[in-house]
Amino acid sequence: MNNDLHSRALSVIPGGVNSPARAFKSVGGNPLYAERAEGPFLYTRDDRKLLDFCLSFGPMILGHADPDVVKALQEAAVKGTSYAVTTEAEIEMAELLTGSIRVMDKVRLVNSGTEAVMTALRLARGYTGRNKILKFSGCYHGHTDSMLVQAGSGVAGIASASSAGVTSEAAGSTLVCPFNDVEAVTQLVREHADDLAAIVVEPLAANMGLVLPQAGYLMQLRQLCDEAGALLIFDEVITGYRLTFGAYANLCEAQPDLVTLGKIIGGGLPIGAVGGSAEIMDHLAPDGPVYQAGTLSGNPLCMAAGLANLRKLQALDPFADLASRCERLTDAMKASAAAKGIPVSIPRFGSMFSIFFRASEPQNFAEVMDSDTDRFTSVFHKMLDAGIYLPPSPFETSFLSVLHSDALLDQMLEAWDNAL
Ligand SMILES: *Cc1c(COP(=O)(O)O)cnc(C)c1O
């Protein structure tokens with residue numbers, strides 16, 4: 001069955017997938033074909049039941065097919081699936097986001113994280129009247145042209161540093177710097193201060209595996225932006241509503257000018273958002289000169305699923321509990337590896353963690369790449385055979401949902417121990 005689907009997919013979809021990270025290029029073997037998903041489990045077409053630590057690369061924090069999200073979707077669907085006329089749900093979503101993220105007075109809803117970042121960059125350029133954007137190697141900001149330079153996620157496994165088809169003009173307006181290197185970023189910002197529109201950063205870098213910012217690093221970026229008159233953009237598509245009810249920006253001292261969101265705020269439906277102060281956001285069309293639009297933006301199904309997801313998350317407030325379960329899991333994973341003399345580092349924050357087969361936690365993309373990816377591949381497949389689905393790449397982050405109970409985590413630990 002799987003082989004049949006695989007050959008059909010390969011003959012009509014490039015690479016057989018609609019997004020490269022699903023193709024298992026980093027780990028080898030045939031990709032998965034899903035039948036359905038429920039709670040913490042993904043069920044495949046070849047009748048496997050997998051405990052899911054990929055969770056659609058992050059959005060499914062309540063687990064799959066949450067009954068409240070499903071009900072909200074069903075109720076919304078019968079009222080029509082797109083109007084291109086504003087709904088109260090869009091206003092409610094914007095109220096919920098601006099009410100829970102300190103630096104957001106206003107927010108524009110779009111259809112993906114890629115679009116959110118694309119809009120944030122255009123807005124930063126329009127607002128400052130400047131051209132250049134500084135990003136960090138290994139950070140992923142979606143597949144807009146100017147961000148496909150030394151990017152993480154699915155791009156990290158590809159040999160060339162960037163994508164074909166990106167013009168030298170687009171790539172040339174992007175400055176790239178190693179993460180966690182204050183000296184390098186200071187020098188680059190000072191060199192380009194006159195034409196720097198923004199620094200864009202994943203405040204917790206989660207698309208090269210998980211790389212945490214060193215103490216004071218984000219504050220240094222804030223100060224450099226202030227000096228240069230550039231904006232600071234936190235790309236929180238992956239971290240938004242995963243670590244607290246709001247953005248990671250709520251948890252740190254450094255405050256961004258713009259925040260981008262996606263993934264969790266859509267409850268598993270396509271969405272993105274960009275927000276910041278009213279002064280900056282009012283530069284967007286129709287009131288301002290920076291154009292941005294979308295036929296399906298603020299789509300009623302996405303609003304229904306996203307609002308149901310966020311409201312339940314707000315009521316459950318599971319973040320402390322998720323973090324302590326993740327801590328127990330990763331501590332036990334490390335202990336198991338140490339007992340076997342296998343060098344591994346497992347950075348963790350909240351309900352996110354990633355596995356690097358190297359002795360110390362990587363601080364940047366170069367150190368990420370200097371881990372034993374063959375060992376990751378071997379462990380990934382052994383875990384998969386034992387019913388545990390980790391994200392299919394050493395450059396992705398694993399997630400817990402609220403339904404990853406202690407008993408299920410014990411199953412994961414047993415598989416980990418055996419795999420090692
Ligand atoms: C996933 C992700 C994106 C891209 O979002 P899409 O919805 O896949 O376009 C951008 N930035 C970060 C930090 C992400 O994790």
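Since every read-out is calculated from the coordinates, none of them should be taken as a lab result. Predicted, not measured: the structure shown is a model, and the values here were computed from it. Please note: Cβ atoms are built from the backbone with ideal geometry, for glycine as well, and neighbour counts cover all protein chains shown.
If only the Cβ of Lys and Arg carry +1 and only the Cβ of Asp and Glu carry -1, the dipole of the range 67-315 around its Cα centre is close to 540 debye. Taken about its Cα centre, the chain carries a charge dipole of roughly 640 debye when the Cβ of each Lys and Arg holds +1 and the Cβ of each Asp and Glu holds -1.
The distance from the alpha carbon centre of the range 39-70 to that of the range 123-195 is 33 Å, rounded to a whole number. Projected onto the charge dipole of the chain (+1 at Lys/Arg Cβ, -1 at Asp/Glu Cβ, origin at the Cα centre), which of ILE199, PHE319, GLN74 gives the Cα projection farthest towards the positive end? The residue sitting most towards the positive pole is GLN74. Tally Lys/Arg at +1 and Asp/Glu at -1 over every other residue whose Cβ is under 10 Å from the Cβ of LEU109; what's the total? It works out to a net charge of -1.
Each of CYS139, CYS225, CYS302 was scored by other Cβ atoms within 10 Å of its Cβ. Arranged with the fewest first, they read CYS225, CYS139, CYS302. The label-point distance for VAL85 and MET369, in a model that sets each label 7 Å from Cα toward Cβ, rounds to 5.4 nm. Each DSSP beta bridge with both residues in the range 232-381 is either parallel or antiparallel, and the antiparallel ones are about 65%. Gaussian network model of the chain, Cα springs within a sub-10 Å range: biggest mean-square fluctuation belongs to which of ARG125, ARG375, ARG358? Maximum fluctuation in the GNM of the chain, among the listed residues, is at ARG375. The slack in the chain from GLU327 to GLN314, taken as 0.36 nm per residue of separation less the alpha-carbon distance, amounts to 2.5 nm.
When LEU316, LEU51 are sorted by how many other C-beta atoms sit within 10 angstrom of their C-beta, beginning with the fewest, the order is LEU316, LEU51.
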